[in-house]
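Q: One structure, pasted below without further comment.
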Amino acid sequence: ANIYSLLASQPASLEYAQTLANQFGVTGEVYTVQQQYPPQTGFMVTDGKQRLDVYGLNNYNYTADMVKSSRNYNGFKNENAETTIREFLSAHGLDFNYTFEEDELIGGYSLHQVSPDGLPMQFESLSMPAVRITLDENGKVLTVMATMLNYDPAPVGTYGIINAEEALQLLLD
């Protein structure tokens with residue numbers, strides 16, 4: 001397995017928020033907003049129906065329909081979810097490698113970033129996925145909640161992986 005260096009989180013800039021809003025097709029006023037956890041200031045762009053909150057580089061929440069989203073946090077299951085989500089991300093310039101799975105615990109779909117060597121990455125065990133997406137009742141993307149890793153793609157080292165039995169024996173020895 002390769003080990004990668006996590007880069008310091010970059011706060012949102014007005015320019016980044018406006019660029020991301022353009023990618024999502026949100027045109028409207030820009031406001032400052034406060035995120036509760038972790039506490040930080042960001043930008044909100046809204047046209048009254050859509051909303052984009054941007055807190056940092058690759059750290060944002062997009063809502064296609066604020067009313068629908070407020071009435072259904074978990075979204076709806078859809079047999080074409082993976083295809084719909086891939087097409088949506090690609091159409092909005094959000095191309096990255098990820099694994100896809102239905103989130104049985106809180107609903108919606110989880111996308112986990114994949115490292116250059118093909119392994120799923122995350123901040124820590126039991127942390128939220130890099131991207132959580134919900135669909136509306138018509139199978140269209142309703143929300144995108146992204147907190148993606150910013151890392152140096154050049155590994156700092158490569159380490160072998162052993163099974164649990166070998167690890168226990170090394171510990172006992």
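The values are calculated or read from the model by the stated rules, or taken from the named source; none is laboratory data. Bear in mind that the values here come from a model prediction, so they are computed numbers and not experimental data. When we count neighbours, we look across all protein chains shown, and the Cβ atoms used for this are built from the backbone with ideal geometry, even at glycine.
Q: Name the pairs whose Cβ atoms lie under 9 Å apart, with the first residue in segment 98-123 and charged (D, E, K, R), the second surrounded by fewer than 17 Cβ atoms within 10 Å (Cβ to Cβ), and 6 or more positions between them or separate chains?
A: Pairs that qualify, where the first residue is charged (D, E, K, R) and the partner is surrounded by fewer than 17 Cβ atoms within 10 Å (Cβ to Cβ), are Glu102/Lys77; Asp103/Asn74; Asp117/Ala1; Asp117/Asn2; Asp117/Pro155; Asp117/Thr158.
Residues are listed down the side, and each one gets a yes or a no for (1) on the phi < 0 side of the Ramachandran plot; (2) at pLDDT 90 or above:
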site	(1), (2)
Lys68	yes, yes
Asn74	yes, yes
Lys77	yes, yes
Ala81	yes, yes
Ile85	yes, yes
Leu89	yes, yes
Gly93	no, yes
Thr99	yes, yes
Glu104	yes, no
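Q: Continuing with this model, one more query. Does segment 145-162 contain any residue that is in contact (Cβ under 8 Å) with a residue 24 or more places away in the chain, over 23 Å from Ile3 (Cβ atoms), within 14 Å of the chain's Cα centre (by Cα) and surrounded by 10 or more Cβ atoms within 10 Å (Cβ to Cβ)?
A: Among the residues of segment 145-162, at least one is in contact (Cβ under 8 Å) with a residue 24 or more places away in the chain, over 23 Å from Ile3 (Cβ atoms), within 14 Å of the chain's Cα centre (by Cα) and surrounded by 10 or more Cβ atoms within 10 Å (Cβ to Cβ), which makes the answer yes.
Q: Find the residue count for segment 1-32, including only residues that are in contact with a Gly (Cβ under 6 Å, 6 or more places away or on another chain), at pLDDT below 95 and surrounded by fewer than 17 Cβ atoms within 10 Å (Cβ to Cβ).
A: The total comes to 4.
Q: Just to be sure I understand the filter: pairs with C-beta atoms under 8 Å, separated by 6 or more residues or on different chains, first member in segment 53-70 and aromatic (Phe, Trp, Tyr), second member outside any strand (DSSP E or B) and surrounded by 18 or more Cβ atoms within 10 Å (Cβ to Cβ). Which pairs pass?
A: Tyr55/Ala12; Tyr60/Ala12; Tyr60/Leu20; Tyr62/Phe24; Tyr62/Val26; Tyr62/Gln50
Q: Can you tell me which residues in segment 33-51 are surrounded by fewer than 18 Cβ atoms within 10 Å (Cβ to Cβ), more than 23 Å from Glu87 (Cβ to Cβ) and touching a helix residue (DSSP H, G or I) at 6+ places or on another chain (Cβ under 9 Å)?
A: Hit for segment 33-51 is Gly48, nothing else.
Q: So which of Asn61, Asn22, Asn78, Asn74 is outside any loop (DSSP other than H, G, I, E, B), within 25 Å of Gly139 (Cα to Cα) and more than 13 Å from the chain's Cα centre (by Cα)? Talk me through it step by step, then tell me what you get.
A: Values: Asn61 fails: more than 13 Å from the chain's Cα centre (by Cα); Asn78 fails: outside any loop (DSSP other than H, G, I, E, B); Asn74 fails: outside any loop (DSSP other than H, G, I, E, B).
After ruling out the rest, the residue left standing is Asn22.
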